[in-house]
Amino acid sequence: MFRRTFVGAAASMTALPWSALAQDAWPTKPVKIICPFPAGGTSDVMARLVAEPLTKELGQQVIVENIGGAGGTIGTLRASKMPPDGYTIVQTGVGQNAVAHGLDPKLGYDSMKDFIHIAQVHTGPNLLVVHPSTPFKTFKELVDYVRANPGKLNYGYTHAASGHMAMELLKQRASECPKGEKDCNGFFIVGIPYRGGGPLLQDLLGGQIPLIFINQDVALQHVKAGKLRPLACTSLQRNPLYPDVPTIHESGFPNFQALSWSGMSLIKGTPQPIVDKFEATMKKIMTSGDIKQKLEAVGFVVPPPGAQAYTQFVKSEIDLWTKVIKTAGIKPE
């Protein structure tokens with residue numbers, strides 16, 4: 001009995017250092033980033049932007065696996081069930097980790113409880129753009145027209161995308177009567193739903209619909225070519241690539257902000273040494289001049305580094321979009 005007890009105790013004592021050594025040595029094999037969207041889109045581009053320097057810094061290949069569907073929730077749910085060993089990194093973002101919670105309280109995962117948010121990778125505004133054939137030259141002209149002609153103007157959207165959310169937020173903010181007025185026309189504009197961003201953009205470029213909110217990076221080439229006219233930007237500060245386009249924040253709707261964003265997170269329960277090493281590595285990458293240049297070249301803003309900043313940001317986005325969705329009565333498709 002004594003011998004068995006002694007051997008068991010010795011085994012327990014030696015297991016702890018080896019476990020710690022294994023965590024300190026992480027990673028000892030390839031690491032996977034689950035991108036919950038198809039290849040080719042902004043989310044996929046951001047995942048691969050990070051995967052390259054991560055491979056260099058970690059000394060192991062970092063592979064991007066695309067698991068698309070249901071606005072990013074299918075891949076995110078699958079990722080949440082993976083072993084919390086540091087070998088699965090989850091790409092988190094506005095759709096699957098903020099908007100989705102407002103649409104469906106029974107997602108199967110909780111973005112604040114099931115993930116450890118390590119680093120925000122990109123932040124970018126939407127642009128309110130119109131077809132050049134429309135008479136609107138400024139954001140104020142558009143708002144004044146909608147208020148004076150409720151229900152006479154259409155816009156296009158894809159369900160629960162960041163552009164859809166931006167318009168819902170604008171509708172709610174612009175429907176508030178000016179101080180001192182008890183009755184006003186509000187901001188009634190008719191939405192036309194689309195199944196995908198591709199058909200939506202093509203109809204806008206063709207003049208079949210007059211306006212949409214669109215990610216600034218997608219809009220850039222069309223704005224430069226004169227095929228779209230930007231009226232307003234949804235970040236708090238003007239975007240460097242659109243210096244003459246005012247923000248909605250400065251155009252009569254203080255603190256209006258509707259962003260497209262993504263980041264890197266780990267699965268809850270990942271050992272702390274791995275969490276610490278991954279956070280330090282992401283901080284190094286996200287503060288590098290190379291990443292800054294690549295992001296700013298296409299109009300994105302480099303977010304504040306670190307897990308604390310990203311965790312607080314995710315929570316604020318969940319609160320914002322849950323409130324907007326509840327007020328608008330939007331349901332999942």
Under 19 Å from a label point 7 Å along Cα→Cβ of residue 224: give me every residue in segment 270-309 with its amide N that close. 292-301
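How long are the three semi-axes of the equivalent ellipsoid of the chain, in whole Å, if each is the root of 5 times an eigenvalue of the C-alpha gyration tensor, listed from largest down?
So the three semi-axes of the chain are 44, 21, 17 Å.
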Give me log10 I(q)/I(0) at q = 0.16, 0.24, 0.27 Å⁻¹ for segment 59-136, Debye formula, one equal scatterer per alpha-carbon, no solvent. -0.69, -1.27, -1.48
Restricting to DSSP H runs of at least four residues, report the calculated mean residue ellipticity at 222 nm for the chain, -39500 (n - 2.57) per run over all residues, nearest 500 deg cm²/dmol. -13500 deg cm²/dmol
Most to least packed among 53-62, 279-288 [average Cβ atoms within 10 Å]: 279-288, 53-62
State which entries of 140/224; 283/323; 113/323 exceed 24 angstrom in Cα-Cα distance in the structure shown. 283/323
Output ordering of 70-80, 121-131 (per-residue mean of other Cβ within 10 Å, highest first) is 121-131, 70-80
Based on the Cβ-Cβ distance from residue 134 to residue 331, what FRET efficiency comes out when R0 is 35 Å, to the nearest 0.05? 0.70
Compute the long axis of helix 272-286 from its Cα atoms, compare it with the longest principal axis of the Cα atoms of the chain, and write down the angle in degrees, 0 to 90, nearest 10. 40
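In whole Å and largest first, what semi-axes does the C-alpha gyration tensor of segment 48-90 yield when each eigenvalue is scaled by 5 and square-rooted?
Ellipsoid half-lengths, sorted descending, are 22, 13, 6 Å.
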Spin-label pair residue 236/residue 81, simplified geometry with 7 Å Cα→Cβ offset, distance in nm: 3.9
On the protein heavy atoms, probe 1.4 angstrom, tell me the percent of accessible surface of the chain carried by carbon and sulfur. 57
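What accessible area per residue, rounded to a whole number of Å², is obtained for the chain using a probe radius of 1.4 Å?
Working: 16050 Å² over 333 residues.
With all protein chains present, the chain gives 48 Å² per residue.
The values are calculated or read from the model by the stated rules, or taken from the named source; none is laboratory data. The structure presented is a predicted model; accordingly, all values stated were derived computationally and were not measured. Neighbour counts run over all protein chains shown; Cβ positions are idealised from the backbone, glycine included. Remember, those area values only see protein heavy atoms, side chains included, never the ligands or the DNA or RNA. Shrake-Rupley method; radii C 1.70, N 1.55, O 1.52, S 1.80 Å.
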